[in-house]
Every structure is written in structure tokens, then in C-alpha cells.
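Before any comments, here is the structure.
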């Protein structure tokens, strides 16, 4: 039996530099400075979370073959012995974490 794992990678929120009230009043600076380019990219990856399973279980609910199991803390396992390859799980996954790959069959 072949198992495919889908794992969640937790990315922490980026720290935004802020100024205290006396400094803002004295120097007329904004409340926060913002993120540099690298921090902004990390924050975008954290927020968008592309292709990362969060263990929502939607694929498990819609799978007609019951071949998907929820794996704690976050993720899934697909039993390829019972999977017929219909692709419903890949189509329904809101994160795009499941990908259908055409297998080569030897004759």
C-alpha cells in the first residue's frame, strides 16, 4: 500500500516595526514602518498558504472510494490500493494540495 502524505507547515507572522506614541508625536513618523521585501514575501506565503494541506477534511468528505484518511495534527493519507483516480479530491481541495499525476502503465 502506497501512502501519500499532505503536511501543514506553520509559518509565523512577520514582525512589523512600530514606533511608540512619544516618538510618533515628536518626529511625526507613521505608526508602523512596514515590511522589507523578504519579510513581505514570507508574510504573503503565510497568508496565501498555497499548496499546503490544513487538514480541513473536505477531500475526505467527497471521496467516493473512502480512501482518504485524516492524519493528525494536519494532513491526509491516501490509500492508493482503493483509490480509483477519479480526481474529485484534487478538484475540491481549496488549497490545491492534492495533485493528480498520470501513471505510466507497462504492457
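Bear in mind these aren't lab numbers, they're just calculated from the coordinates by the rules spelled out. A quick note: this is a predicted structure, and the numbers were derived from the prediction, not measured. Virtual Cβ from ideal backbone geometry, glycine too; neighbours counted across all protein chains shown.
Key figures
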item: Relative exposure of 102, 107, judged by other C-beta atoms within 10 Å (fewest first); result: 107, 102
item: Inter-probe distance in nm under a simple model that places probes 7 Å from Cα toward Cβ, at residue 74 and residue 60; result: 1.5 nm
